[in-house]
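Below: one structure, written as structure tokens.
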Amino acid sequence: MHSTGSILMTTLERVRTFLDDPSLDAKYSNDFLVRQIIEPEMINVITALNGVRDEPILSKFLLTGILDNAEYIELPPNVGSIIRIAKLDANNQIVADIPKRDENDPRGAGWFVDGRDLHLRPEWDSSAYTAAGNYHVWYIPSGDFNP
């Protein structure tokens with residue numbers, strides 16, 4: 001393991017060992033190794049892990065920095081599919097959900113995904129959504145991200 005404890009640096013050290021490429025006066029830069037070897041393999045690793053498990057790997061992120069009356073939120077590229085959007089209180093207990101429904105649902109829209117855009121209905125009002133808690137998005141990662 002790398003002295004910093006970083007999994008990325010540990011992986012770079014191991015790749016350099018297999019390539020017999022010293023870190024001083026290296027033939028390949030760290031950036032090249034990350035972009036050409038490690039990053040593409042992350043997709044394969046996440047896909048393989050999710051393919052053999054009953055419950056897929058879940059990640060979550062906090063909905064922040066969204067302007068009021070936003071029609072949509074562009075999702076990060078590593079979001080494969082969204083499982084749930086819920087508000088957590090200070091004790092990390094779920095206190096409210098935004099249901100998954102599109103605009104044509106007779107009960108009214110909740111949220112839906114169109115491409116990489118997350119649509120929230122009613123439109124986002126930051127004061128109402130962040131009062132007494134924060135909304136989090138639970139998703140299955142696609143593995144498509146830059147370490």
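The values are calculated or read from the model by the stated rules, or taken from the named source; none is laboratory data. Keep in mind that this is a model prediction, so the values were computed, not measured. Glycine gets a Cβ as well: all are built from the backbone with ideal geometry, and neighbour counts include every protein chain shown. The accessibility values were calculated without ligands, DNA or RNA, using every heavy atom of the protein model including side chains. Shrake-Rupley method; radii C 1.70, N 1.55, O 1.52, S 1.80 Å.
Filter the stretch 69-95 down to the residues that are open to solvent by less than 80 Å² (accessible area, probe 1.4 Å) and assigned to a loop (DSSP other than H, G, I, E, B), then identify the one that is farthest from ILE57 (Cα to Cα).
The first filter runs over the stretch 69-95 and keeps only residues open to solvent by less than 80 Å² (accessible area, probe 1.4 Å), leaving 70, 73, 75-82, 85-89, 94.
Then keep just the ones that are assigned to a loop (DSSP other than H, G, I, E, B); that gives 70, 75-78, 89.
On the way: ALA70: 29, LEU75: 18, PRO76: 17, PRO77: 16, ASN78: 12, ASP89: 23 Å.
Across the stretch 69-95, the extreme among qualifying residues is ALA70.
Please determine whether any residue of the stretch 28-46 is on the phi > 0 side of the Ramachandran plot and of a type outside the set (A, V, I, L, M, F, W, C). Give the derivation first.
First pass over the stretch 28-46, keeping only residues on the phi > 0 side of the Ramachandran plot: none.
No.
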Can you name the residue in the stretch 1-49 that is open to solvent by 70 Å² or more (accessible area, probe 1.4 Å) and among the charged types (D, E, K, R) and, of all such residues, is nearest to GLY143 (Cα to Cα)?
-> GLU41
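In the stretch 50-63, what residues are open to solvent by 80 Å² or more (accessible area, probe 1.4 Å) and out of contact with any His (no Cβ under 7 Å at 6 or more places or on another chain)? Give the derivation first.
Step one: filter the stretch 50-63 for residues open to solvent by 80 Å² or more (accessible area, probe 1.4 Å), giving 52-55, 58, 60.
Across the stretch 50-63, the qualifying residues are VAL52, ARG53, ASP54, GLU55, LEU58.
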What are the residue pairs meeting all of these: first residue in the stretch 35-52, first residue touching a residue at least 24 places away in the same chain (Cβ under 8 Å), second residue of a type in the set (Ser, Thr, Tyr) and surrounded by 11 or more Cβ atoms within 10 Å (Cβ to Cβ), Cβ atoms under 9 Å, and 6 or more apart or on different chains?
-> ILE38/THR11; ILE43/SER142; ILE46/SER142; THR47/SER142
Of all residues in the stretch 96-105 being loosely packed, with under 15 Cβ neighbours inside 10 Å and more than 16 Å from ASN134 (Cβ to Cβ), which is modelled with the highest pLDDT?
-> PRO99
Take the stretch 109-135 and flag every residue that is at pLDDT below 60, in contact with a strand residue (DSSP E or B) (Cβ under 7 Å, 6 or more places away or on another chain) and part of a loop (DSSP other than H, G, I, E, B).
-> GLY133
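Take the residues of the stretch 9-59 that are among the acidic types (Asp, Glu) and assigned to a loop (DSSP other than H, G, I, E, B): which is nearest to VAL79 (Cα to Cα)? Quick ask: steps written out before the conclusion?
So in the stretch 9-59, the residues among the acidic types (Asp, Glu) come out as 13, 20-21, 25, 31, 39, 41, 54-55.
Subsequent filtering for residues that are assigned to a loop (DSSP other than H, G, I, E, B) retains 20-21, 25, 54-55.
Numbers: ASP20: 35, ASP21: 34, ASP25: 37, ASP54: 19, GLU55: 16 Å.
So the residue we want is GLU55.
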